Amino acid sequence: MPGILSNPKADFDHIIVKRLHPTFAAELSGVDFSKPLSDDLFREILAAVTEYGVVVFRHTSLTDESHLEFARKFGELDDVKPYVKAGRPNRLKYDELFDVSNVEVDGTVLDPESARGQANKGNHLFHVDSSFNPRRAGYSLLLAHELPPPGMGGHTEFADTRTAYDDLPSELKEQLKTHNYIAAHSTHHSRKLASPEYFAHMDPRDYPMGRHYLLQRHEASGRMNLYIASHVHHIEGLEPEKSQELFDRLYDHAKSDKYTVEIEWVSAGDLVIWDNTCTMHRAVGGPFLRKYRRDMRRATVHDSSSQAWGLNEHSDVRVGLP
Ligand code: OGA
Ligand code: MN
């Protein structure tokens with residue numbers, strides 16, 4: 001639908017919106033990140049994230065510090081302190097930056113067959129961030145610091161789970177509404193799916209899971225959303241086969257071509273913000289993995305909607321130390 005794609009929304013005063021897909025995802029311009037952002041401008045950015053689910057800013061010139069300062073405007077930040085305490089050193093200067101790179105603490109390229117490399121393979125499946133923790137992630141702000149050469153891969157793909165829900169056949173929508181299913185999310189499960197041999201002897205059921213309703217209202221936009229991810233180990237109250245069947249049906253539908261868009265990282269300074277409570281995403285991978293550094297740093301904003309904790313007990317526990 002090129003008409004829609006080239007037609008920027010008229011109701012923003014400060015930002016220019018270029019749509020990247022007929023139903024979600026947009027590239028925003030007109031923001032100078034080297035200056036303090038006015039409240040009006042921030043409100044427009046937030047409104048765009050709410051509407052599009054995924055927004056891209058090119059060559060922002062953000063630093064670790066200004067990246068975090070910008071992210072804090074969206075809410076309270078998650079941090080990696082529990083992982084550092086448990087013995088995984090952080091390459092990055094701030095504990096509020098999640099290291100999503102393939103770079104080792106000494107600067108060398110991560111071996112994809114190493115423990116962290118194996119765990120990272122889970123990122124290649126469509127997921128939402130932190131649905132396995134007691135408090136899920138709301139927004140993620142991923143900033144590129146160093147990228148592989150063009151043509152070597154490293155893109156990120158997104159899926160529009162609100163529109164995927166809208167398009168479900170009405171009897172399936174009714175089934176979801178009537179049963180109000182709860183899904184159990186486990187990072188151990190998705191890692192095992194992505195790397196079955198390496199994790200052959202690990203049983204996700206030995207670890208805590210995050211419990212969330214499968215069908216939810218995305219409060220910021222008022223639209224319904226399918227809150228699914230590769231992390232879903234099972235749907236409660238269904239026999240394993242039925243659970244798998246329903247999950248596969250919804251997940252395969254949501255990640256089909258109609259609801260997905262691939263975003264290419266063009267230069268260091270590119271920033272992508274997504275709302276984990278109305279989209280999924282995945283790392284596409286590519287030949288760069290063994291050869292070139294891809295230094296990506298993520299600020300993760302705790303969800304502050306009424307569904308932030310799902311059906312979980314409120315605690316500081318974090319799951320999933322590789
Ligand atoms: C993340 C993530 C994908 C990528 O940062 O949460 O899944 O392409 N990243 O690095
Ligand atoms: Mn992620």
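Placing unit charges on the Cβ atoms only, positive for Lys and Arg and negative for Asp and Glu, gives the chain a dipole magnitude near 320 debye about its Cα centre. The alpha carbon centroids of region 262-288 and region 55-89 are separated by 15 Å. Shown here for region 77-137: trypsin sites (Lys or Arg not before Pro) in loop regions (DSSP other than H, G, I, E, B) with at most 11 other Cβ atoms within 10 Å, namely Lys93.
Residue pairs exceeding 19 angstrom between C-alpha atoms, taken from Lys93/Lys291; Lys81/Lys192; Lys177/Lys255; Lys173/Lys242: Lys93/Lys291; Lys81/Lys192; Lys177/Lys255.
The Rg/Rh ratio for region 178-303 is 0.98, where Rg is the radius of gyration of the alpha carbons and Rh is the Kirkwood radius. The length gained on full extension between Glu245 and Ser61, counted as 0.36 nm times the residue separation minus their Cα-Cα distance, comes to 61.7 nm. Normalising the average separation of contacting C-alpha pairs (under 8 angstrom, six or more residues apart) by the number of residues puts the relative contact order of the chain at 32 percent.
Provide the FRET efficiency to the nearest 0.05 for the Tyr213-Ser170 pair, computing r from the beta carbons and using R0 = 25 Å. Could the numbers behind the result be given before it?
Working: r = 20 Å, r/R0 = 0.78.
Efficiency, rounded to the nearest 0.05: 0.80.
Work out, in µm²/s and without decimals, the Stokes-Einstein translational diffusion coefficient of region 16-302 at 4 °C, 1.567 mPa s, Rh from Kirkwood over C-alpha pairs. Value of D from the Cα-based Kirkwood radius: 66 µm²/s. Using a probe of 1.4 angstrom, how much of the accessible area of region 16-302 is carbon and sulfur, in percent? About 50 percent, which is the carbon plus sulfur part of the accessible surface.
Note on His155 and Glu236: their simple-model spin labels are 3.8 nm apart, each label 7 Å out from Cα toward Cβ. Give, in nm to one decimal, the length gained when the segment between Asp316 and Ser38 is fully stretched (0.36 nm per residue of separation minus the Cα-Cα distance). Using 0.36 nm per residue and subtracting the Cα-Cα distance, I get 96.8 nm. With K and R counted +1 and D and E -1, the other residues having a Cβ less than 12 Å from that of Phe132 yield a net charge of +4.
With the Cα gyration tensor of region 207-246 in hand, convert its eigenvalues to equivalent ellipsoid semi-axes via √(5λ) and list them largest first in whole Å. Ellipsoid semi-axes (Å, largest first): 22, 12, 8. If R0 equals 35 Å, the separation of the Cβ atoms of Asn180 and Glu262 corresponds to a calculated FRET efficiency of about 0.60.
The values are calculated or read from the model by the stated rules, or taken from the named source; none is laboratory data. Owing to the predicted nature of the structure, the values given are computational and were not obtained by experimental measurement. Note that we place each Cβ from the backbone using ideal geometry, even for glycine, and neighbour counts take in every protein chain shown. These area figures cover heavy atoms from the full protein model, side chains too; ligands, DNA and RNA do not enter into them. Shrake-Rupley method; radii C 1.70, N 1.55, O 1.52, S 1.80 Å.
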